[in-house]
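Structure first, then comments.
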Amino acid sequence: PSYWRAKLIIKLITSIAEVINSDQRLHGRLKIIFLPNYTVSQAEKIMPAADLSEQISTAGTEASGTGNMKFALNGALTIGTLDGANIEIREEVGEDNIFIFGMTAEEAEYERLNVSRTPLQICQANPEINEVIESLKNGCFSRGDRNLFMPLVDSLLNQYDPYLLLLDFESYISCQRRVSDAFLDQENWTRMAILNVARMGKFSTD
């Protein structure tokens, strides 16, 4: 079942790309590319070119591998949860040179046992998140097909979602605003990127 869902997520990525990449207002400003058959040869080109590395697994799931290290070694700043190697990277580069969002592993485990807010309550309280969910439901990214991405919607709105995605999504949106503000200050962003490279020696053997 998880493999089937992964393929549906890939379909969502390519469907969002179809909408955004055909929007003339965004021409030259924003483009979504999904790379099939991702290889080391592609990584050698992508990682040095990246400004931001997204490592967004729910804390406690240990989903991050060495990709986050390779991005940071090449100067990309990290936005991520306190999960896996993100924790060690923060210790090395410093809290001011990484963008951390979301729950800790302990907080996530507590939420699984003691639900403070259901996904539906989060949607009702947060218009931005509700708009995202509605865009998946109303066919915006599926040429009017309202059923195509409903399995993903149902999963996100399931109060027993083990990954607590909508809880972390609130924090992610706020953190992305900090990223945007920081990126506008190119001198400071460059300083942060250089410090990331300089302080990542510990991970070079990975």
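The values are calculated or read from the model by the stated rules, or taken from the named source; none is laboratory data. Keep in mind that this is a model prediction, so the values were computed, not measured. Note that we place each Cβ from the backbone using ideal geometry, even for glycine, and neighbour counts take in every protein chain shown. Side chains included, ligands, DNA and RNA excluded: accessible areas come from the protein's heavy atoms. Shrake-Rupley method; radii C 1.70, N 1.55, O 1.52, S 1.80 Å.
Structural remarks
- Top positive-direction residue, dipole computed over the stretch 25-113 with Cβ charges, set LEU77, ALA105, THR61: LEU77
- Charged-residue dipole, Cβ positions (Lys, Arg, Asp, Glu), the chain about Cα centre, Debye nearest 20: 800 debye
- Rounded to the nearest whole angstrom, the semi-axes of the ellipsoid equivalent to the stretch 57-126, taken from the Cα gyration tensor as √(5λ), stand at 27, 13, 10, largest first.
- Full-extension gain in nm, ILE46 to ILE9, via 0.36 nm per residue minus C-alpha separation: 11.2 nm
- Whole-number accessible area per residue in Å² for the stretch 49-206, which is evaluated in the context of all protein chains at 1.4 Å: 54 Å²
- Hull-based mean projected area of the chain, where the convex hull spans the alpha carbons, in square nanometres: 12.8 nm²
- Checking every one of the chymotrypsin sites (Phe, Trp or Tyr not before Pro) in the stretch 139-198 against DSSP loop status and a limit of 12 other Cβ atoms within 10 Å picks out TYR160.
- Charge sum, other residues only, whose C-beta stays under 12 Å from LEU120's C-beta, Lys/Arg counted +1 and Asp/Glu -1: -1
- Value of Rg/Rh across the stretch 85-206 [Cα atoms, Kirkwood radius]: 1.07
- Once divided by 2.2 N^0.38 Å, the Cα radius of gyration of the stretch 50-98 becomes 0.99.
- Portion, in percent, of the accessible area of the stretch 1-157 that falls on carbon or sulfur, probe 1.4 Å: 54 percent
- Expected 222 nm ellipticity per residue - DSSP helices of 4 or more, -39500 (n - 2.57), all of the chain, to 500: -17000 deg cm²/dmol
- Between the C-alpha center of the stretch 1-54 and that of the stretch 70-139 there is a gap of 20 Å.
- Chymotrypsin sites (Phe, Trp or Tyr not before Pro) restricted to the stretch 1-107 and DSSP loop, no more than 16 other C-beta within 10 Å: PHE34, TYR38
- Stokes-Einstein D in µm²/s, Kirkwood radius over Cα pairs - the stretch 1-93 at 20 °C with 1.002 mPa s viscosity: 142 µm²/s
- The stretch 87-206: relative contact order in percent, alpha carbon pairs under 8 Å with at least 6 residues between: 35 percent
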